[in-house]
1. Please go through the range 50-69 and give me each residue that is under 23 Å from P150 (Cα atoms) and either polar (S, T, N, Q) or surrounded by 17 or more Cβ atoms within 10 Å (Cβ to Cβ) (or both), ordered by number.
2. Kindly indicate the residue of the range 383-411 that is without any contact (Cβ under 8 Å) to a residue 60 or more places away in the chain and closer than 16 Å to Y350 by Cα and also farthest from the chain's Cα centre (by Cα) among those meeting that condition.
3. Would you mention how many residues in the range 28-79 are within 24 Å of R426 (Cα to Cα), polar (S, T, N, Q) and in contact with a Gly (Cβ under 9 Å, 6 or more places away or on another chain)?
4. Would you mind finding the one in L285, L270, L289 that is at pLDDT below 95, surrounded by 15 or more Cβ atoms within 10 Å (Cβ to Cβ) and either of a type outside the set (G, A, S) or not assigned by TED's automatic domain parsing to the domain that holds S256 (or both)?
5. Residue under question is D330, and the condition is that it be surrounded by fewer than 24 Cβ atoms within 10 Å (Cβ to Cβ), farther than 25 Å from N309 by Cβ and at pLDDT 90 or above; does it hold?
6. Out of curiosity, is A442 over 24 Å from R209 (Cα atoms) and either touching a Gly at 6+ places or on another chain (Cβ under 6 Å) or modelled with pLDDT of 90 or more (or both)?
7. Sort through S307, S359 and tell me the only one that's hydroxyl-bearing (S, T, Y) and without any contact (Cβ under 8 Å) to a residue 12 or more places away in the chain.
8. Quick one: which strands (runs of 3 or more DSSP E) sit completely within the range 173-273 and have at least 1 residues that are free of Cβ contacts under 8 Å to residues at least 40 places away in the same chain?
Amino acid sequence: MTTEKPHLLYVAWGYPPSRGSGVYRAWATANAFAQAGWSVTVLTVPREIFEMSTGVDLTLEAQVDPSIEIVRVPFTSGAFANDLRDWSWLRAHAPEIWNTIHARRGRKLFPERNYGSWRPVLEEAARRIHRDHPVDLTIGTANPNVDFIPGHVLSTEFGVPAVMDHRDAWAVDIYSGRRVVDAGSRAGRWERRLIDDAKEVWFVNRPIRDWYAEQYPEFADRFLVVENGYDQPLSFPPRERAAGDGLVFGYIGTISGAVPMEELVAGWALAREQSSLIRNARMDLYGYLDHFGVPGKNMVRAMDQFSANDIRYLGPVGRGEIAATYATFDALVLTFGAGRFITGGKVYEYASTGLPIVSVHDPANETSRTLAPYPGWHGAASMTTEAIADAFIATAEDALAQRADDRTDARRMAERYSRTAQLEPRIRSWTERLTQQSAGSAT
């Protein structure tokens, strides 16, 4: 090490004030290293990228550790440049031609749509940061996968160890399980090159990690599972219900096009026919509508049934209001797209509340394994209307019967999924490794 404090360069395109679903892992990881005594520099994009496209969460930005140095470097992509005043004549008058030219230029630099053109900016920034304040470890979190470039540059040019942190996966579609990047393609060759350079590669669950181990058996020993986890346990008193008040089921999360909204509403509607508990209950949905604030067809079609079934969509929730929002629920609704590789980030946060949880997703989803030991969890046995209705009714019965001790037991089980429990072993390992390295070089 070259400084008293080890210096982490953390690379994340999606960093606060981004409100994207993957931002919490980036925010929490950088904070965790800072709180463990590291000097942390975050390399990311200008705030305006999110202000002009996906939207921002200022309450999350306010919770960034103040010791972290944030370096924002230019990022140019047609997908995120929505101010018409900044458009060139060609883009305004011939957008198809402009998009084709821009995409080709970006892919020539790095084989990733919309993000490839960021590569030279990241390379220059990584070298400058290392020159001004020598870096001891680089972590890039993806997607986008161009976030791995600074680690690659500092590893190959200066011998700085690099970690690749996958929130999803580059080569496999986490919904279908299909390989989407051919091993012999330019992107496939880049992935192998990056993995070869990295000292560790982190994955959010075991199915994705094991898939990569099958594809790259020679690197399997550096593939580790670092689950998302929750940031702070959400502890609050049970919701007070007056006599005759119905239960409130709640969902918090991005409502993407992959969320099975129509199946969710159909199962809820059938449960209302079969159970007075559900008939007297309400479902409140909170979250951003897809990643750009535009509802998908799944949400548009489902909303026609909301009013008749006591379902309300109440918009997004800032990070600062998250605990107060959970406190308005008696039970939680967990739903997202199908795929055995999926473990939604909300799984862990939900579990930290101790509230009963109903899962409306493919039962083969990795989430089913995660929540199997959780008291009060009821996963739909299939994605049929009948099975979803059964899960809602069982969850309602648990919510009505839950006592303080039950909630405490559920929270205790969830402690293994705290973000601290997931990250602490990796931070400790790297701290010890760099300390030993420094001691060895000093003798």
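The values are calculated or read from the model by the stated rules, or taken from the named source; none is laboratory data. Remember, predicted model here, so these are calculated numbers, not experimental data. In this analysis, Cβ positions are derived from the backbone assuming ideal geometry, glycine residues included, and neighbour counts consider all displayed protein chains.
1. F50, V64, S67, I68
2. Ranking the candidates gives D406 first.
3. Residues meeting the conditions: 2.
4. Just one listed residue meets the conditions, L289.
5. When the stated conditions are applied, D330 does not pass them.
6. No; evaluated as a whole, the condition is false for this residue.
7. Result: S307 is the single residue among S307, S359 that is hydroxyl-bearing (S, T, Y) and without any contact (Cβ under 8 Å) to a residue 12 or more places away in the chain.
8. The qualifying strands (runs of 3 or more DSSP E) are 200-203, 223-225.
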